[in-house]
1. Of all residues in the range 332-350, how many are surrounded by 14 or more Cβ atoms within 10 Å (Cβ to Cβ) and not in a strand (DSSP E or B)?
2. Looking at the range 67-80, which of the residues that are more than 20 Å from residue 153 (Cβ to Cβ) and within 27 Å of the chain's Cα centre (by Cα) is surrounded by the fewest Cβ atoms within 10 Å (Cβ to Cβ)?
3. Is there any pair linking a residue in the range 158-180 that is farther than 20 Å from residue 33 by Cβ and in a strand (DSSP E or B) to one that is among the polar types (S, T, N, Q) and open to solvent by 10 Å² or more (accessible area, probe 1.4 Å), with Cβ under 8 Å and at least six apart or on different chains, and which?
4. Select the strands (runs of 3 or more DSSP E) contained entirely in the range 282-331, then report the ones holding at least 2 residues which are under 20 Å from residue 381 (Cα atoms).
5. Using beta carbons and a limit of 6 Å, which pairs, at least six apart or on different chains, have the first residue in the range 96-117 and farther than 27 Å from residue 47 by Cα and the second one of a type in the set (Asp, Glu)?
6. Restricting to the range 136-165, name every residue that is farther than 16 Å from residue 78 by Cβ and acidic (Asp, Glu).
7. Can you tell me which residue in the range 351-391 is nearest to the chain's Cα centre (by Cα), limited to those that are of a type in the set (D, E, K, R) and assigned to a strand (DSSP E or B)?
8. Can you find, within the range 88-122, the residue that is surrounded by the most Cβ atoms within 10 Å (Cβ to Cβ) among those that are more than 38 Å from the chain's Cα centre (by Cα) and part of a strand (DSSP E or B)?
Amino acid sequence: GGGGSVTTPAAPQPTASITPASGGTIASPSGEVTVSFPSVVVDAATTVVATVEIVQLEGVAVTTLQAADPVTVPEGHMLGTLAFRLKAQDSSGNPISHFSKAVTLKVAVPAEDRRRAGDDMNRVLLRRYDAATRQWIELPTRPVTATALTADTVEPGLFGVLVDLPIPTVTAPARDSVAADFAPDLRWSAPLGVNWYHLQVLPFNLDGPGVDLLIGEPELVSAGRYQVAAPKFGDGNYVLLPGMTYVWRVRTSPSAAQVGVSDPVWSRWSTGSFRTPAPASETIRLLNPTEGSTVSSLQPTFTWNNSDDKVFYYEVQVSRDPAFDTNSATAKAMVYWELVHGALTSPQNSYLVPSRFLLEPGTVYYWRVRPRVQGDGTPVPWRLPGTFKTR
């Protein structure tokens, strides 16, 4: 009918004829979407025939855009549960791609989308999808009630609700503080409606192992905290290295379904940092070879212990040169310089001279050990060297 009247409910999709004289409105079958047209949509001579169709976007490929081409979602956003297509053509059936005046869209936001937004309607957005660029185009969006919003558009097309997901707030530890016990208690405040969190603990410049956890257990999610397990030599948790900076970050998702880390359902990251305490070489005791002893093998095993059970990664040097000079221009002797994960050697905290680089017979050697410091940390002084002689 003319004057913006809506066709009968028996029609496959609501259709309205918008005349230049009076404008008009059109609504989706269940009233989730109302489109209000000005009196002149294109020009004073064109009647616009408009239809609005509710479509399903969440979790499926949108074959109405391009075959098997999924709708992309901006970082930190989640696709809402409501989407619709607004089509416009003139009375001869020619498609209309642009309106001369803005058309107002009013959307009743589903309860699930409001929950995902933490009940903050300012985080619920209405966007138009551009299939050519696979981008969501921003529209001026305004909440008009606690459950509805409006937006203006000068183009028909595919529209969807997007949720700008609330970001967790890092609360502890204080940025760049020292985790005195190697077991920092990471805390954050989680937005309302969160069902998952993704936590990462990353060493400076990714120089070393880290933590990457995806957690959906309700009690753990609601706690808003994670305590990193301190390393304990002989037991495990060989993650945190001493004397360096770690960045940790957390993001959350309100998804009620199972999620993966690459799914477009995550908030932006919230980031903190801490430092691990610096180690000391004074806690190391050289065991074998014993000081001043003579060894019968040219492939001896060096062993040591450490009263600090948080340290598990070491540097070991062996050389005929008591200065352990590694400058190619001034070095007088070869320096064996190796990194050793003390918990993984047999015996633990040991170093075996490689068979292809046997020591020289009848020679005095020096050896020393220190905890390994990586990333942005400052290397600690070496333990005073031990001496031995080969037979």
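1. 7
2. The first filter runs over the range 67-80 and keeps only residues more than 20 Å from residue 153 (Cβ to Cβ), leaving 67-70, 75-76, 78.
After this cut, where a residue has to be within 27 Å of the chain's Cα centre (by Cα) as well, the list is 68-70, 75-76, 78.
Numbers: 68: 8, 69: 13, 70: 14, 75: 10, 76: 16, 78: 24.
Filtering the range 67-80 for residues that are more than 20 Å from residue 153 (Cβ to Cβ) and within 27 Å of the chain's Cα centre (by Cα), the one surrounded by the fewest Cβ atoms within 10 Å (Cβ to Cβ) comes out as 68.
3. Close Cβ pairs (under 8 Å, with a partner that is among the polar types (S, T, N, Q) and open to solvent by 10 Å² or more (accessible area, probe 1.4 Å)) amount to 169/189; 169/270; 170/270; 170/271; 171/189.
4. Working: elements: 284-288, 293-295, 301-306, 313-319.
Passing ranges, in order: 284-288, 301-306, 313-319.
5. The qualifying pairs are 108/32.
6. The answer is 138, 152, 155.
7. Of the residues in the range 351-391, the ones of a type in the set (D, E, K, R) are 356, 360, 368, 370, 372, 376, 383, 389, 391.
Adding the requirement that they be assigned to a strand (DSSP E or B) leaves 368, 370, 389.
Numbers: 368: 41, 370: 35, 389: 54 Å.
Checked the range 351-391; the qualifying residue nearest to the chain's Cα centre (by Cα) is 370.
8. 88
The values are calculated or read from the model by the stated rules, or taken from the named source; none is laboratory data. These numbers come from a predicted model, not from an experiment. Positions of Cβ are generated from backbone atoms using ideal geometry, with glycine treated the same way; all protein chains shown enter the neighbour counts. What goes into the accessible areas is simple: the full protein's heavy atoms, side chains included, and nothing from ligands, DNA or RNA. Shrake-Rupley method; radii C 1.70, N 1.55, O 1.52, S 1.80 Å.
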